[in-house]
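What follows is a set of notes on a single structure, which appears directly below.
The values are calculated or read from the model by the stated rules, or taken from the named source; none is laboratory data. Note that the coordinates shown come from a computational prediction; the quantities given were computed from them, not determined experimentally. Reconstructed Cβ throughout: ideal geometry from the backbone, glycine too, with neighbour counts over all protein chains shown. SASA here: full protein model, heavy atoms, side chains in, ligands and nucleic acids out. Shrake-Rupley method; radii C 1.70, N 1.55, O 1.52, S 1.80 Å.
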Amino acid sequence: MPDRKQIHIALDCRYAQSHFPGIGRYVYNLAAGFTELTEPSFQLSLIYNASNTSYDFAKLVASSGKHIEIISTKIKPFSPTEQWQLPLLAKRHRFTLWHAPYYIRPYLMPCPVILTAYDLIGKIVQGALPGKKARLAFELTTRLAFRSSQRIITLSHSAAEDITRLYKVNPEKLRVIAPGIEPKFQPLNKNEAARLRHQMQLPEQYVLFIGTNKPHKNLNRLLEAFTLYLQRHPESSIQLVLAGREDPRYSPEIRAKVGKLGLTGRVVFMGNISDTQLVTLYNCATLYIQPSLYEGFGLPILEAQACGLPVICSNRGSLAEAAGEHVPLFDPYNPLDIVNKIELMLNDTVLMLQMRELGLARIAEFSLKKAAEATLKIYNEV
């Protein structure tokens, strides 16, 4: 039991699983950042399901001080029973506050709740949710989460403005904390990169995209732009590599598009990949592209920059904020604009080198420890 002078925080890590790749990384990185804090002014309990996570929280806790512990549970996200089981768990452990990393959360908590809200894709992007029932459920649960949470953390000022504008949330309730980037995302030496390229059978040159295949990721227009590039440069051997968890609802459409555009053999589908493979993909790529119609932040942009990979991205949502002022932006609804930015980068080696150096220079701003310190400050506010 924590000292009475300490705050006892519960961080809900049940979302650190393959179904929530971005949220899972956020939660794990936040927990990792807390292990770097040496102040014994708080007790942190990580609530997670050991049988349903790809993250090694036990190893994380073993490397930390006594101020971090694990509380294992079988309560699954979205389960109706979480609405009464988790409040009972919170009461039993006498938590000072609960940090929920997702808008669908327990609402009848016996302690204050801090919510992390990443984006409003379900409301802003047409077709992001399948049907009226899903849209209604999103609307109700989001409004309830915003109203019942004492503070709302967002990863970008763009997302904070969207929340204020569309849900009339008091700006004083919102806090913006950019996520930290894990140290493993860094440039590899040329020999190691070449070895790993051969091991993974990667193309010599490729444009890389990391993410799901959901509609807001805008892969259809990316494929159209890539086709235009190959038409302009028929001598080019460059390929397009798409990596990340594929949603089976959209896979047939994307793969059919590849065939229709004559891109078979020029587009590589990697599917789910390990973190080690992810670092390799960034290091061996020629260019990273983020064509999304909307994002609450865009973590792959920073991961790519941390590995020394030049980036171009969409000008929508928070992506410009995540990328930095030096990154070329494009209109994601215009394949001609997308291909022009691809061409701009691939045809200018001096510009590519400049983008690499500028990207590496700004990554120091995004440390795990810095993100944890800013989050702890909010905990203390509440």
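Compute the distribution of all C-alpha to C-alpha distances in region 96-241, in bins of 5 Å from 0, and list the percent of pairs in each, rounded to whole numbers. Bin by bin from 0 Å, the calculated values are 2, 7, 12, 14, 13, 13, 10, 10, 8, 7, 3, 1, 0.
Using only Cα atoms, what is the ratio of the radius of gyration of region 241-377 to 2.2 N^0.38 Å?
Details: Rg = 16.0 Å, N = 137, 2.2 N^0.38 = 14.3 Å.
That ratio works out to 1.12.
Helix 21-35 and the long axis of the chain differ in direction by around 60°, with both axes built from C-alpha atoms.
The Cα-based radius of gyration and maximum Cα-Cα distance (Dmax) for region 270-311 are 10.5, 28 Å.
Ligands, DNA and RNA are left out, and with a 1.4 angstrom probe the accessible area of region 1-138 is 49 Å² per residue. Apolar share of the accessible surface for region 165-289: 50 percent from carbon plus sulfur atoms, 1.4 Å probe.
Amide H contacts for His8 (H built 1.01 Å from N in the peptide plane; partners 5 or more residues away or on another chain; cut-off under 5 Å): Gln43, Thr96, Leu97. Spin-label model, Ala374/Asp348: points 7 Å from Cα along the beta carbon direction are separated by 3.0 nm. With 16 Å as the cut-off, how large is the P(r) tail for region 230-293, expressed as percent of Cα-Cα pairs? It works out to 57 percent of all Cα pairs.
Exposed loop positions in the chain were taken to be GluC sites (Glu not before Pro) whose DSSP state is not H, G, I, E or B and which have at most 11 other beta-carbon atoms within 10 angstrom. Between these positions, the longest stretch is 1-203.
Roughly to the nearest percent, how much of the accessible area of region 33-100 is carbon and sulfur, given a 1.4 Å probe? Mind showing how you got there, number by number?
Values: 1980 of 3590 Å².
C and S atoms contribute 55 percent here.
Would you mind getting me the FRET efficiency between Gln83 and Glu204? Use the beta-carbon distance for r and R0 = 41 Å, nearest 0.05. Calculated value: 0.20. Rolling a 1.4 Å probe across the protein heavy atoms gives region 153-248 an accessible surface of 48 Å² per residue. Beyond 32 Å, what share of the Cα-Cα pairs of the chain is found? Please give it as a whole percent. Pairs farther apart than 32 Å: 35 percent.
Quick one: what do you get for region 2-102 if you divide its Cα Rg by 2.2 N^0.38 Å?
My calculation over the Cα atoms of region 2-102 gives 1.02.
Across all C-alpha atoms in region 197-238, the radius of gyration and Dmax reach 12.5, 32 Å. A compact globular protein would have a Cα radius of gyration near 2.2 N^0.38 Å; the ratio found for region 171-255 is 1.47. Ile23 sits with roughly 20 Å² accessible to a 1.4 Å probe, with DNA, RNA and ligands left out of the calculation. Each residue was assigned an accessible area with a 1.4 Å probe, and for His233 the value is about 30 Å².
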